[in-house]
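In what follows, a structure is listed as structure tokens, so that the remarks can point back to it.
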Amino acid sequence: MSAESTPEPGIPGEPGTTGPRHRTPGRRRKPRGKGLLITAWTAAGIVVLGGTGLGYVYFKLNGNINSVDIDHALGTDRPEKADNGSENILVLGSDTRSGSNQDLGGGADDGSARSDTAMIVHLYEGRKKASVVSIPRDTLIDRPECTDTDGTTHDAATSVMFNSAYTTGGAACAVKTVESLTGIRMDHYLEVDFSGFQKLVDELGGVTVTTTEDIDDPDSHLNLEAGTHRLTGTQALGLVRTRHGVGDGSDLGRIQLQQAFIKALVEQVKDVGLFTSPKKLYDLADTATKAVTTDSDLGSVNSLVSWANGLKGISASKMHMVTMPVQYDPADPNRVLLDEPKAQQVWTALKNDRPIPKTATEGTATGEAKGVVSAP
């Protein structure tokens, strides 16, 4: 169970899953210990700085990075790459509940991986601004058949939670599901684990946020009075996982907290003064590269540096953050359903490299936690 103790129907054996798993002879899928990604964006930005080193430093950082060959797993049956200069990245995290992540997240140490956070980051032509679309993990969807990076084929399923895609087939199946849902090609994939996120925040010296009300959530181990706080890594992790302590107690409210925290984090990274301390620079780069898992195209320091260098000009004020348009499921208030007409406005805007219209999110479910957390 997740720390929210919310039932998880979207895992192997859930209602709506049909047919057996088909495994390639001689291959065995290895469980991945990746967790909640709040901003691989920040991690990649730090890699840009750390990647300027030579010799041992370069090879040490290069050896830290994990990568997965998603393109090979998915083959050619995918949406076409955009030809308008834009780029889309699936930013994904999971709650593995094992090892050091189990200590941070609580719950049973069953070794399973559950996707807690998913964001589509759309970089506009020129890399001066971005749109970020959060996908609620509790969204009921039709999951397509997919093949994971070990060659195992997983059958399609109907009316299952979005996060079942990662639980079932890892990164490749998560990408396949997002592309099926949106009709948009994911050019890259980024992921970070729980312990890596906590260490990154601590290496940065904490992150300062202001809360407009008290937050008390025993499930995420967070207790904050209203006011300004310099959050440690543990507190930051608690904040971005909180749902019962704010708003309507839904996953949508947690997404609003995550989006507010990301903006505070992005702004703070710009003011850390990384160049004043080579050791601080190396420690941050070492932590960031250990935390991040990428698609194979970004699976080296050189590739990450080249890609992330284009993100440096995007400040928090140039990041438009929304939640995928959904409505609460009348049959189950703990689940949400895609608001297809409004969601189509979002996907059409991203495909055409245009801003997401305000009408796309008007009248949709929100979570009622907007404004609870902000940068000071």
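The values are calculated or read from the model by the stated rules, or taken from the named source; none is laboratory data. What you see is a predicted model, and the numbers here were worked out from it, not measured in a lab. In this analysis, Cβ positions are derived from the backbone assuming ideal geometry, glycine residues included, and neighbour counts consider all displayed protein chains. Surface areas here come from the heavy atoms of the whole protein model, side chains and all, with no ligands, DNA or RNA. Shrake-Rupley method; radii C 1.70, N 1.55, O 1.52, S 1.80 Å.
Values as computed for the structure displayed
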quantity: Net length gained if the chain between ASP83 and ARG230 were fully extended (0.36 nm per residue, minus Cα distance); calculated: 48.7 nm
quantity: Derived scalar couplings ³J(HN,Hα) [region 188-204; Karplus, 6.51 cos²θ - 1.76 cosθ + 1.60; whole Hz; x for Gly, Pro]; calculated: 8, 9, 9, 8, 9, 9, 3, 5, x, 4, 4, 5, 4, 5, 5, 4, 6
quantity: Distance from region 187-263 to region 294-320 (C-alpha centre basis), Å; calculated: 23 Å
quantity: Distance violations [Cα-Cα > 26 Å] among LYS176/LYS358; LYS280/LYS312; LYS60/LYS318; calculated: LYS176/LYS358; LYS60/LYS318
quantity: Calculated P(r) of region 279-376 - Cα pairs past 16 Å, %; calculated: 73 percent
quantity: Inter-probe distance in nm under a simple model that places probes 7 Å from Cα toward Cβ, at GLU267 and ASN62; calculated: 3.8 nm
quantity: Inter-label distance, nm, simple model (7 Å from Cα along the C-beta direction), HIS72/ALA156; calculated: 2.7 nm
quantity: Linear extension gain, GLU340 paired with ARG354, 0.36 nm per residue minus alpha-carbon span; calculated: 3.2 nm
quantity: Of all accessible heavy-atom area on region 204-344, the percent that carbon and sulfur account for (1.4 Å); calculated: 51 percent
quantity: Average accessible surface area per residue within region 135-269, 1.4 Å rolling probe, Å²; calculated: 28 Å²
quantity: Kirkwood estimate for region 232-325, i.e. one over the average of 1/r between Cα atoms, Å; calculated: 15.7 Å
quantity: Gyration tensor verdict on region 178-290 (Cα atoms; rounded if a/c is under 1.5, prolate if a/b is larger than b/c, oblate otherwise); calculated: oblate
quantity: Cross-link reach list, aspartates and glutamates versus LYS342, counting only Cα pairs under 14 Å and skipping chain neighbours closer than eight places; calculated: GLU362
quantity: Rough spin-label spacing in nm, given labels placed 7 Å along Cα→Cβ, for ASP297 and GLU125; calculated: 1.8 nm
